[in-house]
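Take a look at the structure set out below.
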Amino acid sequence: MGLVIVLNKGRILAESLPLLAKCGIEPSENPNESRKLIFGTTTGEHQLIITRSADVPTYVEHGVADIGITGKDTILEYGSNLDFYELLDLHIGKCRMMTAGPVGVEEPEGVLRVASKFVNIARNYYHSRCRQVSLIKMSGAIEIAPMLGLADCIVDIVDTGNTLKANGLEARETICDISTRVIANRASMKTKYDAVEKFVADLRDVVQA
Ligand code: PRP
């Protein structure tokens, strides 16, 4: 039975496509050379949807897609009351969700101004530490917020640390480790059980190889 698989653009797409290819699932056209957003696959039955990361859990939760491939950051940011299952860690796209602030500058007392794309993750983290925060939602270039006086610190993804360094910031606390995960719609786990099982088993074999 055919599955609809949604992936997000960028690094996750680039790193996931070779894994899917090893499972015999390849898009019928090169997604990097096409403006299409839905692709057939060489299996003749599965379809791939390529979208923005924040929309991957939405597609899976609402059953528009059976399977989603996205980062743990996206899943955590989406919320805790989730109507989908997380089935597999692909061990790619590894990085950390961290707090960071200007080098050598101590965090102020009182309400901390925190800029982030991941305001839910940031809120949960600071609340768990009983720290009062004012969250500033941004959609990119978070690293310049402290320099511009918009925030005292940031919560963002850190991989090599080069972006922090280039913007006069230092990493502080690690909130959690991040990697790419496979999620599945709850209903699909029943109605397409065999196909989902096979898809996950094949991918697990590829990841473990
Ligand atoms: C992420 C993150 C940082 C950067 C960190 O952005 O937001 O800007 O990677 O990587 P580094 O520690 O290796 O410098 P990404 O490239 O995923 O793009 P985005 O800003 O669109 O999220």
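Laboratory data are not the source of any read-out in this text; all were calculated from the coordinates shown. Predicted model, so just to flag it, every value in this text is computed and none were measured. Backbone-built Cβ (ideal geometry, glycine too); neighbour counts: all protein chains shown.
Worth pointing out:
- Residues that are touching a residue at least 24 places away in the same chain (Cβ under 8 Å) and either over 14 Å from Leu203 (Cβ atoms) or aliphatic (A, V, I, L, M) (or both), drawn from the range 6-24: Val6, Leu7, Asn8, Lys9, Gly10, Arg11, Ile12, Leu13, Leu19, Leu20
- Tallying residues that are within 28 Å of Val64 (Cβ to Cβ) and among the small types (Gly, Ala, Ser) within the range 77-112 yields 3.
- Among (1) assigned to a loop (DSSP other than H, G, I, E, B); (2) more than 14 Å from the ligand (Cβ to nearest atom); (3) loosely packed, with under 15 Cβ neighbours inside 10 Å - the single one Glu197 does not satisfy: (1)
- Scanning the range 44-70 for residues that are among the aliphatic types (A, V, I, L, M) and assigned to a strand (DSSP E or B) yields Leu48, Ile49, Ile50, Ile67, Ile69.
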